[in-house]
Structures are given as C-alpha cells and as structure tokens.
1. Helices (runs of 4 or more DSSP H) wholly in the range 33-149 with at least 2 residues that are under 19 Å from Cys172 (Cα atoms) - which ones?
2. Taking the range 139-176 on its own, how many of its residues are farther than 18 Å from Ser92 by Cβ and in contact with a Gly (Cβ under 7 Å, 6 or more places away or on another chain)?
3. Is the range 54-70 home to any residue that is within 16 Å of ligand 1 (Cβ to nearest atom), under 25 Å from Ala178 (Cα atoms), of a type in the set (A, V, I, L, M) and at pLDDT below 95?
4. Which residue is farthest from ligand 1 (Cβ to nearest atom), if the candidates are limited to the range 101-111 and must be closer than 18 Å to Ser177 by Cβ and buried (at least 17 other Cβ atoms within 10 Å of the Cβ)?
5. Checking the structure you have, find out if any residue of the range 134-147 is in contact with a Pro (Cβ under 9 Å, 6 or more places away or on another chain), closer than 25 Å to Thr66 by Cβ and either surrounded by fewer than 23 Cβ atoms within 10 Å (Cβ to Cβ) or not assigned by TED's automatic domain parsing to the domain that holds Leu84 (or both).
6. Working only within the range 148-201, note down all residues that are modelled with pLDDT under 95, within 16 Å of ligand 1 (Cβ to nearest atom) and either more than 22 Å from Gly100 (Cβ to Cβ) or surrounded by 15 or more Cβ atoms within 10 Å (Cβ to Cβ) (or both).
7. Looking at the range 80-100 only, could you name the residues that are at pLDDT below 95 and surrounded by 20 or more Cβ atoms within 10 Å (Cβ to Cβ)?
Amino acid sequence: MVSRRALLLLGVLLLAGVSLQQQSPARKKPLKKDSGSDSALERLQKSVNEIIIELNVLKEVQALQTVCLRGVKIGRKCFLFEPLLKRYHTASDDCNALGGVLGSPNTTDENRKLADYIRENAGDDAKVWLGVNDMVTEGLWVDQTGTSVAFKNWDVSNSRSPQPDGGAAHNCAVLSSAPGGRWSDENCRDDRQSVCQFNIV
Ligand SMILES: *[C@@H]1O[C@H](CO)[C@@H](O)[C@H](O)[C@H]1NC(C)=O
Ligand SMILES: [Ca+2]
C-alpha cells in the first residue's frame with residue numbers, strides 16, 4: 001500500500017515537472033520577468049510541499065505498523081514493551097523519541113490485554129512503568145498529557161497496605177504482569193522495564 005502511494009506521489013511530481021517544462025519554452029520570448037513560469041514554479045513548489053507532507057504521514061503510518069508488528073495492537077492503540085531497565089523519566093523520554101507516550105490503559109479490558117502482553121514478554125513477576133504519575137500533586141494521578149486518569153487498577157489485595165501506599169516518595173505507577181494486571185506506586189528513580197503506547201489516529 002505504501003509503495004503504491006509513494007509511486008502515485010512520484011507520478012504527481014513528474015507531471016508537475018513536465019507541465020513546468022512545457023510552459024517554460026513558450027514563454028521565453030519576452031525578456032521581462034516571466035510570471036507564467038513563476039506560477040508554474042510555485043505550483044511545483046506547492047506539489048513538492050504536499051508530497052513532503054504526504055511522505056511524513058506515510059512514514060508515521062509505517063512506523064506505527066512496525067510498532068504494531070513488534071508489539072501488540074489493543075483497540076486503537078499499539079503497545080511496545082521495552083525490556084531495558086530505566087528510570088521513569090528516561091523511559092518516558094525514550095518512548096517520546098519513538099513518537100509514543102508511556103502506556104496508560106484506560107479500560108479494564110485494555111489493562112488485562114496489556115498485562116497479558118507484558119507477561120508473554122517478561123514473565124509474570126515483572127512490573128513495568130506506565131505513563132501515570134502523581135508527581136505534580138500528591139494523590140492526583142495523571143497520564144502523560146497531564147490529564148487526570150479516570151481508570152486506575154490499584155492492587156488492593158493487601159488490605160493493610162492497599163496501593164498506592166508510597167506517599168510523596170512513590171509517584172510513578174507500574175503495571176504488574178501477573179494476571180489481573182494490578183498497579184502499584186513506586187519510586188520514579190527505580191530502574192524498570194516499561195511499555196510505550198502509540199495511538200492509532
Ligand atoms: C481511552 O483513551 C483513548 C485514547 O487516548 C480515548 O480515545 C478513549 O476515549 C479513552 N476511553 C475511555 C473509556 O476513557
Ligand atoms: Ca505519590
């Protein structure tokens with residue numbers, strides 16, 4: 001699909017070039033500034049700009065397809081497990097550099113499928129960074145866009161210390177890969193695996 005669209009774009013470029021060539025000789029007679037080929041040039045420039053925009057869109061589509069192939073597609077999101085141990089901020093920066101944000105599952109079903117995917121890759125005792133933190137306001141958990149998250153899946157199985165229980169010392173959320181995919185709050189400076197999320201637009 002991508003290569004066909006790229007060919008189509010190439011075709012547009014060639015046509016624009018041909019129409020420029022066709023117009024130029026006919027209008028060369030007057031020595032004064034040639035507004036005809038100026039506008040042809042402008043059209044060519046416009047086509048090139050459009051092609052560049054299209055190409056960037058295609059690159060994004062292709063990058064997303066690669067992520068979905070390497071990772072997992074859940075609903076309108078693709079998730080990619082990062083096995084390297086990193087602090088929350090480093091994991092977040094590296095994920096941003098790929099065009100994603102640290103994962104924030106926002107439904108029970110999505111959270112369960114994400115935990116299944118992490119378990120397949122990291123076993124059942126992994127805890128990976130999600131893109132959910134309460135760094136700015138203690139107790140107010142927000143996603144990577146700073147929006148307060150409606151869905152949370154805290155581990156409350158231990159009634160003496162239901163999560164989150166770390167107060168101001170623990171401001172970053174992890175997802176457990178154990179069945180249930182429960183969350184807990186951890187120290188953002190811990191080195192952990194993570195999961196990067198790419199939204200399919
Ligand atoms: C979950 O997040 C996606 C993408 O950010 C959004 O489109 C969707 O509306 C959200 N769903 C819920 C239930 O909040
Ligand atoms: Ca906290």
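The values are calculated or read from the model by the stated rules, or taken from the named source; none is laboratory data. Here the structure is a predicted model, which means the values were calculated and not measured. Here Cβ is always computed from backbone atoms with ideal geometry, including for glycine, and neighbour counts include all displayed protein chains.
1. Details: elements: 35-70, 88-97, 108-122.
The helices (runs of 4 or more DSSP H) meeting that bar are 88-97, 108-122.
2. The qualifying residues number 1.
3. Looking for residues that are within 16 Å of ligand 1 (Cβ to nearest atom), under 25 Å from Ala178 (Cα atoms), of a type in the set (A, V, I, L, M) and at pLDDT below 95, one finds at least one in the range 54-70, hence yes.
4. Leu102
5. Looking through the range 134-147, none of the residues is in contact with a Pro (Cβ under 9 Å, 6 or more places away or on another chain), closer than 25 Å to Thr66 by Cβ and either surrounded by fewer than 23 Cβ atoms within 10 Å (Cβ to Cβ) or not assigned by TED's automatic domain parsing to the domain that holds Leu84 (or both).
6. Across the range 148-201, the qualifying residue is only Phe198.
7. Within the range 80-100, just Gly100 meets the criteria.
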